[in-house]
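A.B. asks: Pasting a structure below so you can have a look.
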Amino acid sequence: MKPNYTYILRCADGTLYTGWTNDLDKRLAAHNAGTAAKYTRPRRPVTLVYQEAFPTKEEAMRREWQIKRLTRAEKLALIQSQT
């Protein structure tokens, strides 16, 4: 069974973008090609700075929702905790 991911990208302008996918490499390539999200399109290139894997799509989407409600400082702390 393929894992599902919640991820955070750092955009070229320094902003953070949070999303979920079941194919991280493909989604990152799509973001950098400008075909994944309206938000990241003008902020390319983007860099993957955080990821979590989940067995189900629902868990990944729930975690995305939780992360999107964090402050920027909390997101940066989360990113730092993974390195």
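A.B. asks: List the pairs whose first member sits in region 28-54 and is assigned to a strand (DSSP E or B), whose second member is acidic (Asp, Glu) and open to solvent by 60 Å² or more (accessible area, probe 1.4 Å), and whose Cβ atoms are under 6 Å apart, counting only residues at least 6 apart or on separate chains?
C.D. replies: Cβ pairs passing all conditions: none.
A.B. asks: Quick one: residue 34 ticks every box in (1) out of contact with any strand residue (DSSP E or B) (no Cβ under 7 Å at 6 or more places or on another chain); (2) surrounded by 12 or more Cβ atoms within 10 Å (Cβ to Cβ); (3) on the phi < 0 side of the Ramachandran plot; (4) not acidic (Asp, Glu) except a single one, so which number is it?
C.D. replies: Against the list (1) out of contact with any strand residue (DSSP E or B) (no Cβ under 7 Å at 6 or more places or on another chain); (2) surrounded by 12 or more Cβ atoms within 10 Å (Cβ to Cβ); (3) on the phi < 0 side of the Ramachandran plot; (4) not acidic (Asp, Glu), residue 34 comes up short only on (3).
A.B. asks: Can you say whether residue 39 is touching a Lys or Arg at 6+ places or on another chain (Cβ under 8 Å) and surrounded by 13 or more Cβ atoms within 10 Å (Cβ to Cβ), as far as the supplied structure shows? Show your work before the answer.
C.D. replies: Values: touching a Lys or Arg at 6+ places or on another chain (Cβ under 8 Å): no; surrounded by 13 or more Cβ atoms within 10 Å (Cβ to Cβ): yes.
Judged against the criteria, residue 39 is not a match.
A.B. asks: Tell me which residues, restricted to region 55-64, are within 14 Å of the chain's Cα centre (by Cα) and free of Cβ contacts under 8 Å to residues at least 12 places away in the same chain.
C.D. replies: Passing the criteria: only 62.
A.B. asks: Within the group 79, 67, which residue is in a helix (DSSP H, G or I), touching a Phe, Trp or Tyr at 6+ places or on another chain (Cβ under 6 Å), in contact (Cβ under 8 Å) with a residue 12 or more places away in the chain and β-branched (Val, Ile, Thr)?
C.D. replies: 79
Okay, residues lined up against (1) under 21 Å from residue 78 (Cα atoms); (2) loosely packed, with under 15 Cβ neighbours inside 10 Å:
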residue: 4; (1), (2): yes, no
residue: 8; (1), (2): yes, no
residue: 14; (1), (2): yes, yes
residue: 29; (1), (2): no, yes
residue: 56; (1), (2): no, yes
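The values are calculated or read from the model by the stated rules, or taken from the named source; none is laboratory data. Owing to the predicted nature of the structure, the values given are computational and were not obtained by experimental measurement. All Cβ positions, glycine included, derive from the backbone under ideal geometry; neighbour counts span all protein chains shown. Accessible surface areas use protein heavy atoms only, side chains included; no ligands, DNA or RNA. Shrake-Rupley method; radii C 1.70, N 1.55, O 1.52, S 1.80 Å.
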